[in-house]
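Each remark here refers to the structure printed beneath this line.
Quick note: the coordinates plus some simple rules give every number you see, no bench work behind them. From a predicted model like this one, the values you see are computed outputs, not experimental measurements. When we count neighbours, we look across all protein chains shown, and the Cβ atoms used for this are built from the backbone with ideal geometry, even at glycine.
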Amino acid sequence: MGPYNEFTMIEEIDTSQDYSKVKISEFDVIKISDDYVNLWLDRLSNIETFWHKLTNPKRGLARYGVTLIPPKSLAYFNEVIVSTLDSEKINNSNIMELLELVKRAKSENKLLIMFGI
């Protein structure tokens, strides 16, 4: 497996924070191989996100930076991940952990954060 993307949920969002400046070690993250994220890229290219901070709305994932995924985008994010579970390439317990995290973030109306490769 190649490099990893790291995911976590933000408990308390700071609207002025530039999350590209935070230390990943400050978070409890789920590591997902970039090989898996590559399977999702095309379908996630139009998902509403923010790159690095909440004042920077974008679409898709910031592959080499930080993506903030708002609650309204989590259902589709989850759908894309689930759609790849039937693939023989997907056999990873971290994917299941990520799906649980997405479900929790959606139910608690929290942002998901992805630290790219």
- Query: What's the local net charge at SER107, with K and R +1, D and E -1, over the other residues with C-beta under 15 Å away?
  - Reply: +2
- Task: Take the chain, connect every pair of alpha-carbon atoms lying under 10 Å apart with a spring to form a Gaussian network, then pick out the residue of ALA62, ALA105, ALA75 with the largest mean-square fluctuation.
- Result: ALA75
- Item | CD proxy at 222 nm, helix term only [per DSSP H run n ≥ 4: -39500 (n - 2.57); per residue of the chain; nearest 500] | -11000 deg cm²/dmol
- Which cross-chain or sequence-distant (5 or more) residues have an amide H under 5 Å from the amide H of LEU111, H modelled 1.01 Å from N in plane? ILE10
- Item | Pairwise label distance in nanometres, VAL80 with SER16, each label 7 Å out on the Cα-Cβ vector | 3.2
- Which of the pairs LYS23/LYS103; LYS21/LYS72; LYS23/LYS106; LYS58/LYS106; LYS23/LYS72 have their Cα atoms more than 22 Å apart in this structure? LYS23/LYS103; LYS21/LYS72; LYS23/LYS106; LYS23/LYS72
- Message: Need the full-extension length gain, SER107 to LYS72, defined as separation in residues times 0.36 nm minus the C-alpha distance. One decimal, nm.
- Response: 11.5 nm
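Please report, in debye to the nearest 20, how large the charge dipole of the chain is about its Cα centre when each Lys and Arg carries +1 at its beta carbon and each Asp and Glu carries -1 there. Before the final figure, lay out the partial values.
Details: 14 positive and 17 negative charges, 69 e Å.
Computed charge dipole of the chain: roughly 340 debye.
Hey, what did the chain get for relative contact order, percent, Cα under 8 Å, at least 6 apart? Provide the component values of the computation, followed by the final result.
Details: 197 pairs, mean separation 42.4, N = 117.
About 36 percent, as a whole number.
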- Message: Could you check the spin-label model distance between ASN56 and ASN38? Points 7 Å from the Cα along Cα→Cβ, value in nm.
- Response: 2.5
